[in-house]
1. Taking the number of other C-beta atoms within 10 Å as the exposure measure, put 170, 236 in order starting with the fewest.
2. Sort 350, 190 so that the residue with the fewest other Cβ atoms within 10 Å of its own Cβ comes first and the one with the most comes last.
3. How big is the gap, in Å, between the Cα center of segment 81-101 and the Cα center of segment 12-76?
4. Would you mind classifying segment 13-281 by shape? Square roots of the alpha carbon gyration tensor eigenvalues, ordered a ≥ b ≥ c; an a/c under 1.5 is rounded, otherwise it is prolate if a/b is larger than b/c and oblate if not.
5. With only alpha-carbon pairs counted, each pair once and no self-pairs, how large is the Kirkwood hydrodynamic radius of segment 165-260 in angstroms?
6. Which of 50/236; 250/274; 148/170; 50/124 have a Cα-Cα distance over 24 Å?
7. Looking at segment 129-233, which chymotrypsin sites (Phe, Trp or Tyr not before Pro) are DSSP coil and have at most 13 other C-beta atoms within 10 Å of their C-beta?
Amino acid sequence: MAQNDTEAIVDSFFSRGGHTNNWAVLVCTSRFWFNYRHIANTLSIYRTVKRLGIPDSNIILMLADDVACNPRNAFPATVFNNAGRYLDLYGDNVEVDYRGYEVTVENFIRVLTGRVAPDTPRSKRLLSDDRSNILVYMTGHGGNEFLKFQDAEEISSFDLADAFEQMWEKRRYHEVLFMIDTCQANTMYSQIYSPNILATGSSNLGENSYSHHMDTDIGVAVIDRFTYYNLEFLEKVDMQSKATLQDLFKSYNPTLIHSTPGVRSDLFRRPLDKVLVTDFFGSVQNVELTGQQYNISDLDVDNNTNILSKSSLNKEFPCVLERSDSKNFHLFNVNSKQSPSSLPQFLIASAIFGILMRLVSKII
């Protein structure tokens, strides 16, 4: 095999994503009315990842949630990211997982590392695994290697680096995109040392991050510049887009952003021009349709319901999955040549199986 062919195979291998599911952890670390823009930043990213296919079940949203119904809000129960008020970010089925004073450094680190209390509901857990791509977005007020949480506490770059390392050791991610919009944001990822983490921030050491514009009717700034220009790019991306993260990073213009965005990719194994934006901001499911048709009236269930070996599985019709007491999945034949009188038994068994699976999922 020629050297060029070998290099092409190697490049192809390392350019593949390899992930099977996507998660997003979106954190607004500010509160109070004059930080309206930070709420809008977070809800804007929330809306984007939902539009691109990540369901609420795979999104952890941490939000002070104190501006929509604030008495100063001239447009009650709404949050906008544009002075034209084209889109109400708060009116589209927003599911806040950690609200108000629940947004703490401790809860954030517990979410990332999975060290939550046993009675924590599933909606507040990051149930990722070693095939998960995770977007971690943070916005608020910060400084040199720290980010404030609601003017009460702060998280340091060392805390963040250690949390990511715990995630790696516990096989809680495949790849991570860390994005942060705050003053001196790029210092927050300076201490990260775990593999497969890509990071970007809004400003260098000694630089502030600035708001983009204000709404005179609302009376405060409604979005930050870094997030605004990320959204400007992301709004052109759909679920089938081939846009890459390199395209996104190249779109950053320090003149427009009024600070110097940074990108750290030394820990990331894939070339950025091979990493799709939807690898982190979306959750595209590849569905392969078949033209074959099956007559369900011909189905039957073997009365003995013996566990089948792989060699005896019917190649044209899938088998039924059933979970035993030992929590192992077994395959049962549904295409036996018995009399069709057993069809009702199959339907009843399928219904019972569905109910049991729902109960098991709630218990787990």
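1. Ranking 170, 236 by Cβ neighbours within 10 Å, fewest first, gives 236, 170.
2. In order of increasing Cβ crowding within 10 Å: 350, 190.
3. Value for the Cα centre distance between the two parts: 9 Å.
4. rounded
5. 15.1 Å
6. Beyond 24 Å: 148/170.
7. Here the sparse-neighbourhood loop sites are 193.
Here, each number is a calculation from the coordinates, and none is a lab measurement. A quick note: this is a predicted structure, and the numbers were derived from the prediction, not measured. Note that we place each Cβ from the backbone using ideal geometry, even for glycine, and neighbour counts take in every protein chain shown.
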